[in-house]
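Participant: Before we start, here is the structure in question, set down as C-alpha cells.
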Amino acid sequence: MQKITRAIRIQTPRTAEMEHSTPLFLTSSFCFDGAEEMRAAFADETDDNIYSRFSNPSVQEFTDKMVALEGAEAGYATASGMSSIFASIMALLKQGDHLLSCDAIFGSTHTVITKYLPKYGIDASYIPAGASEAEWEQAIRPNTRMIYLESPTNPGLDILDIGMIARVAKRHGVLLNVDNCFATPVVQTPLELGADLVVHSATKWLDGQGRVLGGVIVGRKELIKEIYAFARSTGPALSPFNAWVLSKSLETLDVRMERHASNALFLAQSLEQHPAIASLKYPFLKSHPKYDIALKQMKNGGGIVCFELKGGSESGRRFLDALQLLSLTANLGDTRSIASHPASTTHAKLSENERLAVGITPGLIRISAGLEAKEDILADIVQALEQSAL
Ligand SMILES: *Cc1c(COP(=O)(O)O)cnc(C)c1O
C-alpha cells in the first residue's frame, strides 16, 4: 500500500461505538481487569497501555502514520519539535562524545548545542552548509557519535546533500540525525537517503493549520528504543489531544504540500526579478546554487521562499508594516501565508557575525506560502515591496 494511503487509513482499532473518524483517548492512565494483568503490563510482558507519559492510543496513531510516511521502523512523539530534538541527542550521546552539526540550524537547536551540551560534557562543532564531502570527512573526530543537519535550512534555504553526508557517516560509524521539518516526509525522506534518525517539529507543516505544538522522532528500532526509555522517564510526552489533531492533519499532508509548493514556486518565479529585491532563494528555481541536489532529493521545493530586500533592515521593517493579508507571526507552515524578518526576531539572539555566517542578512524576509489564492498572496507582497522601497 502507498504511504499516503497508509497516512489516511492507519487508525486505532474501532471501538464498540463503530465510529468512522478516529476517537480521542483523552486519558492520563488506563485500567486493568485485575492484579495479574497490571503486574504483567508493568513487567513489559504485554503491550497494554499503562500511563500516557509512556504510551497512548491517540499518540501511537500519529506516530504510526509518521513511521509509515518516513519509511521508518519505529517512532516516538513528543510535546514539541525541540523536545524531540533534545531527546534524540541526550538519549544517544554521553559525556566525551562529539556532535558534528551543520551551522545553519534552528535557533533553539543552536542554543541546545552551544549552551547545554557542554554542561554535560558533550563536545560539538559546526560545519558550513556548503561543505564538500572532503570537508565533512575532515570534520569527523575519533569521538564523533552523531551528525546533525537540516535541509532545506531555516531560514536560509540552503540544501545539503543528505545522501553524500549519509555516506560519510556510514564510513565512520556515525549516526546521521536529520531535522526534516521544512520538507516533510511527502517531499523528502532522509531515511531512504541513508539517515539513521529523522526529527520533526510537527507544529509546522504537519499540523499545517497553526493550532498545536508537537514533535516526533523516527528511525531504526534499536535507536528509538533508547529514545523511548529516556523520554518515558524524563517526560516530554505529547498530549493525546494534540496527537489527535496532528493525526487528522496527516491525512491531508500530501495535498496540502503540493499546493503550498506550487504557490511558493509561483511567488518565487513572479518576484525573482522585482526591482526592490536584491536576491531570492527557492530550492526549485534554477538560480538556487544547489538546484540539482534539490531536484535529486526533493519531490517539490516546499512552501518557503526567502528574499533579500535591497534596503536592508529598515526596508524589512517597512515591508512587514505594509503587509495587509500576510500574517506577522512566529510560525510557518500554515494555511495562512506568513512573513517574517529573522534578523530582528527568531535569530535576534545571535551576533551579527553569527547571523551572516548562516546567511541571515539584515534585509532577509522569509515567506511561508499559505493556501490562499496565489494571485492574492503575490498582490499583497508586491504592494508591500513598493512601499518598503520608498
Ligand atoms: C520550529 C522548528 C523547530 C522547533 O520546533 P517546536 O515545535 O517549535 O519546538 C525545530 N526545527 C525547525 C527547522 C523548526 O522550524
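Residues checked against (1) within 25 Å of G130 (Cβ to Cβ); (2) not aliphatic (A, V, I, L, M):
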residue: S262; (1), (2): no, yes
residue: L265; (1), (2): yes, no
residue: A268; (1), (2): yes, no
residue: K290; (1), (2): yes, yes
residue: G301; (1), (2): yes, yes
residue: D321; (1), (2): no, yes
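Participant: If you check D334 against the conditions, is it in the same structural domain as Q269 (by TED's automatic domain parsing) and either more than 15 Å from the ligand (Cβ to nearest atom) or among the hydrophobic types (A, V, I, L, M, F, W, C) (or both)? Outline the logic, then answer.
Facilitator: On the way: in the same structural domain as Q269 (by TED's automatic domain parsing): yes; either more than 15 Å from the ligand (Cβ to nearest atom) or among the hydrophobic types (A, V, I, L, M, F, W, C) (or both): no.
For D334, the condition - in the same structural domain as Q269 (by TED's automatic domain parsing) and either more than 15 Å from the ligand (Cβ to nearest atom) or among the hydrophobic types (A, V, I, L, M, F, W, C) (or both) - is not met.
Participant: Is the stretch 67-80 home to any residue that is touching a residue at least 40 places away in the same chain (Cβ under 8 Å) and either closer than 27 Å to A343 by Cβ or assigned by TED's automatic domain parsing to the domain that holds A339 (or both)?
Facilitator: yes
Participant: Taking the stretch 293-331, which residues are touching a strand residue (DSSP E or B) at 6+ places or on another chain (Cβ under 7 Å), over 25 Å from E150 (Cα atoms) and open to solvent by 80 Å² or more (accessible area, probe 1.4 Å)?
Facilitator: K310
Participant: Mind checking which residues of the stretch 210-229 are in contact with a strand residue (DSSP E or B) (Cβ under 7 Å, 6 or more places away or on another chain), within 16 Å of the ligand (Cβ to nearest atom) and either open to solvent by 40 Å² or more (accessible area, probe 1.4 Å) or in a loop (DSSP other than H, G, I, E, B) (or both)?
Facilitator: Passing the criteria: only G214.
Participant: Quickly run through the stretch 274-286 and pick out the residues that are in contact with a strand residue (DSSP E or B) (Cβ under 9 Å, 6 or more places away or on another chain) and either open to solvent by 30 Å² or more (accessible area, probe 1.4 Å) or part of a helix (DSSP H, G or I) (or both).
Facilitator: H274, A278, S279, K281
Participant: Tell me yes or no: at least one residue of the stretch 169-182 is open to solvent by less than 10 Å² (accessible area, probe 1.4 Å), outside any strand (DSSP E or B), in contact with a Gly (Cβ under 6 Å, 6 or more places away or on another chain) and within 16 Å of the ligand (Cβ to nearest atom).
Facilitator: No: the stretch 169-182 contains no residue that is open to solvent by less than 10 Å² (accessible area, probe 1.4 Å), outside any strand (DSSP E or B), in contact with a Gly (Cβ under 6 Å, 6 or more places away or on another chain) and within 16 Å of the ligand (Cβ to nearest atom).
Participant: So in the stretch 96-115, with the set limited to residues that are of a type in the set (S, T, N, Q) and under 22 Å from G235 (Cβ atoms), which one is farthest from the ligand (Cβ to nearest atom)?
Facilitator: T111
Participant: Mind checking which residues of the stretch 41-93 are within 16 Å of the ligand (Cβ to nearest atom) and not small (G, A, S)?
Facilitator: Hits for the stretch 41-93 are V59, F62, T63, M66, E70, Y76, T78, M82, I85, F86, I89, M90.
Participant: Could you please let me know if S340 is under 19 Å from E258 (Cβ atoms), in contact with a Leu (Cβ under 8 Å, 6 or more places away or on another chain) and within 16 Å of the ligand (Cβ to nearest atom)?
Facilitator: no
Participant: Suppose we filter G208, G194 for residues that are free of Cβ contacts under 8 Å to residues at least 40 places away in the same chain and within 24 Å of F284 (Cα to Cα); which single one remains?
Facilitator: Working: G208 fails: free of Cβ contacts under 8 Å to residues at least 40 places away in the same chain.
That would be G194, the only listed residue that is free of Cβ contacts under 8 Å to residues at least 40 places away in the same chain and within 24 Å of F284 (Cα to Cα).
Participant: Restricting to the stretch 33-66, count the residues that are under 32 Å from the mean Cα position of the chain (by Cα) and either of a type in the set (F, W, Y) or within 27 Å of T5 (Cβ to Cβ) (or both).
Facilitator: Selection size over the stretch 33-66: 16.
Participant: Within the stretch 367-377, can you find the residues that are touching a helix residue (DSSP H, G or I) at 6+ places or on another chain (Cβ under 6 Å) and crowded, with 19+ Cβ neighbours inside 10 Å?
Facilitator: To start, the set of residues in the stretch 367-377 that are touching a helix residue (DSSP H, G or I) at 6+ places or on another chain (Cβ under 6 Å) comprises 369, 371, 374.
Hits for the stretch 367-377 are A369, K374.
Participant: Right, something else. Criterion first (assigned by TED's automatic domain parsing to the domain that holds I122 and free of Cβ contacts under 8 Å to residues at least 60 places away in the same chain) does G163 satisfy it?
Facilitator: So G163 does not fit the description; no.
Participant: Mind checking which residues of the stretch 362-390 are within 15 Å of D334 (Cβ to Cβ) and basic (K, R)?
Facilitator: Of everything in the stretch 362-390, just one residue is within 15 Å of D334 (Cβ to Cβ) and basic (K, R), namely R366.
Participant: Here is a follow-up. Check the stretch 185-207 and report whether any residue there is assigned by TED's automatic domain parsing to the domain that holds A124, more than 20 Å from V67 (Cβ to Cβ), assigned to a loop (DSSP other than H, G, I, E, B) and open to solvent by 10 Å² or more (accessible area, probe 1.4 Å).
Facilitator: no
Participant: Would a scan of the stretch 240-260 turn up a residue that is touching a helix residue (DSSP H, G or I) at 6+ places or on another chain (Cβ under 7 Å) and in a strand (DSSP E or B)?
Facilitator: Within the stretch 240-260, none of the residues are touching a helix residue (DSSP H, G or I) at 6+ places or on another chain (Cβ under 7 Å) and in a strand (DSSP E or B).
Participant: Of everything in the stretch 326-357, what is over 24 Å from L206 (Cβ atoms) and of a type in the set (A, V, I, L, M, F, W, C)? Give them in sequence order.
Facilitator: Answer for the stretch 326-357, where residues must be over 24 Å from L206 (Cβ atoms) and of a type in the set (A, V, I, L, M, F, W, C): A343, A348, L350, L356, A357.
The values are calculated or read from the model by the stated rules, or taken from the named source; none is laboratory data. Note that the structure is predicted; figures quoted are calculated from it, not measured. Glycine gets a Cβ as well: all are built from the backbone with ideal geometry, and neighbour counts include every protein chain shown. The accessibility values were calculated without ligands, DNA or RNA, using every heavy atom of the protein model including side chains. Shrake-Rupley method; radii C 1.70, N 1.55, O 1.52, S 1.80 Å.
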